[in-house]
Structures are given as C-alpha cells and as structure tokens.
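Q: If you scroll down you'll find the structure; I have some questions about it.
The values are calculated or read from the model by the stated rules, or taken from the named source; none is laboratory data. Since the model is a prediction, treat every value here as computed from it, not as a measurement. For neighbour counting, all protein chains shown are included, and Cβ atoms are generated from backbone atoms with ideal geometry for every residue, glycine included.
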Amino acid sequence: MDRIQITGGKPLNGTIPISGAKNAALPLLIASLLTADRLTLKNVPNLADVNLLVRILRNHGVDLAVDGKRTGTTMHLGETFHLTARDIVDTTAPYEMVSRMRASFWVLGPLIARMRQAKVSLPGGCAIGTRPVDLHLSGLKALGAEIDIEAGYVVAKAPKGLHGAHIDFPKVSVGATHNVLLAAALAKGETLIENAAREPEIGDVAECLVKMGVKIEGIGTSTLRIQGRDRLEGAVHTVLPDRIETGTFAMAVAATGGDVVLEGAKSAHLTNALAVLTQTGTSVEETAHGIRVHRNGGAIQPISVETEPFPGFPTDLQAQLMALLTRAGGTSVIRETIFENRFMHVQELARLGADIHLHGDTATVTGVKVLTGAPVMATDLRASVSLVIAGLMAEGTTTINRVYHLDRGFEQLEQKLSRCGADIERISSG
Ligand code: UD1
C-alpha cells in the first residue's frame, strides 16, 4: 500500500488548479442512466471514486468513451466523459461495488424511474457515522416505488412507473435530495421537494437535468419544483469546481503561510468557509483567475465553528480546519452537527502533538507551539487530508499510511502541493 511522506515547515507559494467536484461528478455520471441519448460531462476529475462508479454504471450497460484531456502547464486535469445508456442491461447494483462507495446507492432512483425496477445493495462508504438511507427510501416511496429490504439489498418496483409527489424531508440530506431529484426527472407529473439540500453540487445536477429537458424551479433553494418527463435528451455539461478541494488547499496555505491562487475556484460556493478562514487571520480575495489565499507571518487566531448543511460551514472541511487550529494562538471549539463519528482524525493529530479534547459532538482544540512529524493512519477521505495539512506544518517527517482514502477524492494531491514548494512525496510499495 502506498504511503505519503511529508517534511513540514515549507510555505506554499504559486498556483493550484482546482479540479471538477467529486460530489457533483458522481451524481452527474449517475444521471446518464436517465436517458438513452449521449450525456457528455466535461471536467470530470480522475479519482478512485469516479473509476469505481464507472465500473458500476458499465455493469448496468452504460457505454463510456473518454477524451478531451485539458492540458495545464504541466498537469493534465479534467477529462471529458461521453456516457450512453442506450439499453440498461442489468438493474442490480451489487454489494461488492456499492459497499465501497456510498454515493453509488444513488443509482436507485434513476433505475426505478427508467426501468421500473431495481435491486441495489445498501451502501458502505467512509466510516464516519451510521449514515442511514431512510430519507432516500421514503422519498422514493412517495414517488410510487414499492420497496423491500432483502438480504442487504433494497429491492424496488414501480410497475406503473413513478409519479410526482410532495416530499418534505424531515432532515436535510444531500444524498436523498440527489436520489429523489434524479428519480423525479422521469416521474409523471410534478414533484415538490421541500427542505432539499442546497449544496452547489445539487444545483449542478439540476442544471444538467434542465439541459436534458426537465423543467426545474427553485434551483439553489431548499424548495425544488420538478416537472418530470417520459423521456430525457442527451446534453453537454461541465462539472463545477470542487469547493472542498478549494477549501482544503486554502486551509493548507493558512496553515503553512505563503501565497497561492486556487485557479478556477468559485468563492460563492464557499462563503462561510472563507469567512472562517479570514477570522483565523488569513487573507482571502477573489481574483480574475480564482481565489487568492495568503498568510505571511502573524499568529493563527482561535475560533468557534459548527458544521451545518450548505450554506453553513461544511462537515467535509471540519477535519482540515481542526488541523489548522492545532497551531492557533489559543483555544478553538469545533462542533460537528452532521455526522456523529467524524472525529477519527483527532487521535492521529494527537500523535503529532496536537492538544484536542472531545466531548460528545464538540472538540476543544488548544493551539500548540510545535507539531512534530510522526507516522499516522488515514481513516477516511477528509480525515486523511487533515493529516496532510498537519504534516505540512509539523517539524520533521510525517508518514501517512492507507493513502487510498486520499485517492478517492483528491486528484494529484502531492503534485499540486509540491509544485507550490511542499516537501511531499508518494512512496509506492510496489
Ligand atoms: C454527502 C457528501 C458528503 C458530505 C455530506 C454532508 C457526496 C458524495 N457525499 O454525503 O461528502 O459529507 O453529504 O454534506 O456528495 N441521513 C439520514 N437518513 C438518510 C440520509 C441521511 O438520517 O436517509 C443523515 C446522515 O446520517 C447525516 C445527515 O443526514 O447525519 C446528512 O447526510 P447526507 O447529507 O445524506 O450525506 P451524504 O449524502 O451521505
């Protein structure tokens, strides 16, 4: 298994190109199941999660052709995927695949909508909490699906097809909103989703569905009104920039000091996180090319933050923020309100000398003068990148094991950082 080795203490300076958003690319790839025509997606990131989902989609009968590598100065990022689901040959998404990536469960809605039946394994994914799927299932039932759970599988039927419904989610869920939105696109009549998640990735999927012929009102709000169609057309759509990758590199610059332009990043997708960074004493400004982040000297200021659904501070940046605050000049408080078990990075950060106390959903982080490099273990996607940030700040060498977690969601992480001056390398175990 590969490891990443970092020798900390170097500031970051330069430009980092931001990739297409993983969390938009995944549901957009799944949207290809809704039409027999070609869906072309540009700016798809090259990630392990994307490759795994492609395997699942191919198993359902989706044809994929890849081209259009965009040439950066030395990096190749952003591929173009042409997906065609002319015939769905298999409506089962097997355990061996779905258990490795939670978002693949979102094939359920589109499969029932188009094929009137589906058998999809209950999901796995990062071990950051129990992560039930009750909201997905109740939403799809409201659209007319009959659902049973059999031997770890969701077995769904809708012999007469799906119909529009009024769904008021009792809790905000990104995945349930995607699943129901995708299904409603091919349901007969109007679907009203209230308390929908408002994450920009949902807006991106909705914009793509509009190009495929669906009428959707309220994009970007918590109320989505969708007029389903019997048949959707093909479309060409560009995946929006990854706000979590953007926020991660912004935290890394805040942590090490330096001056970096996050090329192609959109600050409107990150208003809260950028405001939080500013409170820590980091300068953030929008430029013609992206977001410029700089911190030259000066202490990191302690802050209090809680994670919230968009537009609040994202849970997917909580671990990275915590890594930054381990070196703050005082005590910070972070409350995690989305996932109950998303503090697995705490014990690894402690191995570098961080002073963090956990009490229920709240972490109290008292800044220390020095972090010291150590071997650590990546536990989930965002936790692993928080260890990278801590390693960049630490004195000496940090070795991160189990980096396959990082490869699920960060494209060319070591290259992007080392081009800005970080001493970071991947050690392949052959
Ligand atoms: C998505 C993101 C993930 C992010 C999370 C929250 C993708 C691929 N993943 O995950 O990176 O951390 O949103 O922003 O986009 N819940 C239920 N019942 C359900 C569904 C969810 O109780 O049926 C709960 C979850 O346990 C959690 C909360 O709702 O406490 C939010 O989860 P949700 O927004 O659904 O997260 P995901 O879609 O899994």
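Q: Filter region 98-121 for residues that are within 15 Å of the ligand (Cβ to nearest atom) and farther than 15 Å from ASN179 by Cβ; which is farthest from the chain's Cα centre (by Cα)?
A: Selected residue: SER99.
Q: Follow-up. Which of (1) surrounded by 15 or more Cβ atoms within 10 Å (Cβ to Cβ); (2) free of Cβ contacts under 8 Å to residues at least 60 places away in the same chain; (3) out of contact with any helix residue (DSSP H, G or I) (no Cβ under 6 Å at 6 or more places or on another chain); (4) not in a strand (DSSP E or B) is the odd one out, the single condition ALA275 does not satisfy?
A: Unmet for ALA275, out of (1) surrounded by 15 or more Cβ atoms within 10 Å (Cβ to Cβ); (2) free of Cβ contacts under 8 Å to residues at least 60 places away in the same chain; (3) out of contact with any helix residue (DSSP H, G or I) (no Cβ under 6 Å at 6 or more places or on another chain); (4) not in a strand (DSSP E or B): (1).
Q: Got at least one residue in region 131-140 being within 14 Å of the ligand (Cβ to nearest atom) and touching a residue at least 60 places away in the same chain (Cβ under 8 Å)?
A: Yes - at least one qualifying residue is present in region 131-140.
Q: May I pose another question? Under the condition of being part of a strand (DSSP E or B) and closer than 17 Å to SER19 by Cβ, which residue from region 37-66 is modelled with the lowest pLDDT?
A: Step by step, filter region 37-66, then rank; the result is VAL66.
Q: So if I check each of ILE300, ILE291, ILE193, which one is aliphatic (A, V, I, L, M), modelled with pLDDT of 95 or more and within 23 Å of ASN43 (Cβ to Cβ)?
A: Exactly one of ILE300, ILE291, ILE193 is aliphatic (A, V, I, L, M), modelled with pLDDT of 95 or more and within 23 Å of ASN43 (Cβ to Cβ), namely ILE291.
Q: Could you list all residues from region 352-373 that are surrounded by fewer than 19 Cβ atoms within 10 Å (Cβ to Cβ) and either within 22 Å of THR397 (Cβ to Cβ) or touching a Ser or Thr at 6+ places or on another chain (Cβ under 7 Å) (or both)?
A: GLY353, ASP355, HIS357, ASP361, THR364, THR366, VAL368, LYS369, VAL370, THR372, listed by residue number.
Q: Considering only region 178-198, how many residues are more than 10 Å from PRO27 (Cβ to Cβ) and buried (at least 24 other Cβ atoms within 10 Å of the Cβ)?
A: Adding up the residues that qualify gives 9.
Q: Now, a different point. When region 374-402 is examined, which residues are found to be free of Cβ contacts under 8 Å to residues at least 40 places away in the same chain, out of contact with any Leu (no Cβ under 7 Å at 6 or more places or on another chain) and assigned to a helix (DSSP H, G or I)?
A: none
Q: While we're on this one: Taking the conditions exactly as written (part of a strand (DSSP E or B) and among the charged types (D, E, K, R)), does ARG292 satisfy them or not?
A: So ARG292 passes the test.
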